[in-house]
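Inspection log for the structure reproduced underneath, given as structure tokens.
The values are calculated or read from the model by the stated rules, or taken from the named source; none is laboratory data. These numbers come from a predicted model, not from an experiment. Using ideal geometry, Cβ is built from the backbone for each residue, glycine included, and neighbour counts are taken over all protein chains shown.
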Amino acid sequence: MRVGLVIPTWNGMPLLEEVMGAIDRQPGATDLVRFAIDSGSSDATVTCLRDHGFAVQSIEQREFNHGTTRDLAISQVDADVVLLLTQDAIPADDEWLPRLVEVYDDPKVGAAYCRQIPRSDCNPFIAQRLSEWVAGKTELVVQEVEGEDEFVALEPLERLQRSAYDNVAGSVRRSVWQKHPFGYRRFGEDVAFGKRLLLAGQRIVFQPQSAVIHSHNRSPKAEGKRIYCDHQNLKDLFGVHLLSTRQQLRENINWARKDYGERVLALELPEAEKRDLRAWALAYAKWSAWGMYLGGNSDRFMHGKLGWFYRCLDRWMHRGI
């Protein structure tokens, strides 16, 4: 089975060097067909990639799109299975590559993804959220449905869980991708891809024995913007709508501020760190709730009386995501 690896990059140094070293230590790494698409890096990213055997295609940053950029990269790789990685996801050990590829012994598997382990300095609230996502679990999961009727009969959150796929660190069978490319999507191209594969009768495998180290410590506002984009997608793809009314929004903020504050107080941290984390958590309670509320209701808001305002807001929410 011929295996390829694609990575989209932009100013990935110095962490990219660590990612490259972990890739090079994988069994079979010397046989990998390596290809990267770089969005105009101004640091040593392109040099680093080429030093580690990657063919590199450069594009303008404005041309980047989470779906079509990956499609372009995969199209350049002559392989049966293509691994997908981001520039800041570090393979945790030398099991990452072989465990992610071995699942394709099953001809019905169209895609697979691996476990994400938070970095040692990860914000505890972000670490908990990652542990609750499918990619944070420790048990193997094979996702499939018998047909569209079974899928439609599922509850919205069950549809999401069944379709879950994460291309922070995943893989695709190239012949399946040719029939179901990622396509243009501003955000959430991976779960949209997962839904299409599932409805086409393919299996998606979560392989926890393959793992990467990956997490981000973002500001509450940055997290809120990502949650907005996420819940806009989840409503569109699966009908997930957690906060549909202003009353639910207020209740969620009040609950989260109380719960998060108590959780910070229970942590064994120096007082200065605890104070900073509590301030972050209280802001996160507000931004995350507003992200869920506005994202889940965005279609209705953008077609309402203040549609012009919400369309401007939508562009700002997606900026930099």
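Residue under question is Lys221, and the condition is that it be farther than 26 Å from Glu63 by Cβ and either modelled with pLDDT of 95 or more or assigned to a helix (DSSP H, G or I) (or both); does it hold? Don't jump to the end; show me each part of the working.
Working: farther than 26 Å from Glu63 by Cβ: yes; either modelled with pLDDT of 95 or more or assigned to a helix (DSSP H, G or I) (or both): yes.
For Lys221, the condition - farther than 26 Å from Glu63 by Cβ and either modelled with pLDDT of 95 or more or assigned to a helix (DSSP H, G or I) (or both) - is met.
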Pairing a residue in the range 151-171 that is free of Cβ contacts under 8 Å to residues at least 60 places away in the same chain with any residue that is polar (S, T, N, Q), where Cβ atoms lie under 7 Å and the two sit 6 or more apart in sequence or on different chains, gives Arg162/Gln143; Ala164/Gln143
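The rows are residues; the columns are (1) surrounded by fewer than 16 Cβ atoms within 10 Å (Cβ to Cβ); (2) under 15 Å from Val212 (Cα atoms); (3) in contact with a His (Cβ under 8 Å, 6 or more places away or on another chain).
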site: Tyr104; (1), (2), (3): no, no, no
site: Arg115; (1), (2), (3): no, yes, no
site: Gly136; (1), (2), (3): no, yes, no
site: Glu139; (1), (2), (3): yes, no, no
site: Glu144; (1), (2), (3): no, no, no
site: Gly147; (1), (2), (3): yes, no, no
site: Arg162; (1), (2), (3): no, no, no
site: Val168; (1), (2), (3): no, yes, yes
site: Phe187; (1), (2), (3): no, no, yes
Among the residues of the range 33-47, write down those that are out of contact with any Ser or Thr (no Cβ under 9 Å at 6 or more places or on another chain), of a type outside the set (Ser, Thr, Tyr) and either over 24 Å from Ser75 (Cβ atoms) or crowded, with 22+ Cβ neighbours inside 10 Å (or both). Phe35, Asp43, Ala44
Given the options Ala279, Ala283, Ala289, name the one that is closer than 25 Å to His231 by Cβ and without any contact (Cβ under 8 Å) to a residue 12 or more places away in the chain. Ala279
The correct count of residues that are within 14 Å of the chain's Cα centre (by Cα) and farther than 18 Å from Pro107 by Cα in the range 175-210 is 10
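What residue, among those in the range 233-252 that are in a helix (DSSP H, G or I) and among the polar types (S, T, N, Q), is nearest to the chain's Cα centre (by Cα)?
Here is the first cut: in the range 233-252, the residues in a helix (DSSP H, G or I) are 233-238, 246-252.
Next, only the ones that are among the polar types (S, T, N, Q) stay: 233, 247-248, 252.
Values: Asn233: 13, Gln247: 30, Gln248: 27, Asn252: 24 Å.
Among those that are in a helix (DSSP H, G or I) and among the polar types (S, T, N, Q), it is Asn233.
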I need the full set of residues from the range 1-23 which are within 17 Å of Asp80 (Cα to Cα) and surrounded by fewer than 16 Cβ atoms within 10 Å (Cβ to Cβ), in order please. Met1, Arg2
Conditions (1) in contact with a helix residue (DSSP H, G or I) (Cβ under 9 Å, 6 or more places away or on another chain); (2) under 21 Å from Pro220 (Cβ atoms); number of the one not met by Ile117: (2)
For the subset of the range 12-58 comprising residues that are in contact with a Gly (Cβ under 9 Å, 6 or more places away or on another chain) and of a type in the set (S, T, N, Q), which member is nearest to Asp93 (Cα to Cα)? Thr30
Applying the selection to the range 28-48, what residues are touching a residue at least 40 places away in the same chain (Cβ under 8 Å), part of a helix (DSSP H, G or I) and in contact with an Asp or Glu (Cβ under 7 Å, 6 or more places away or on another chain)? Thr45
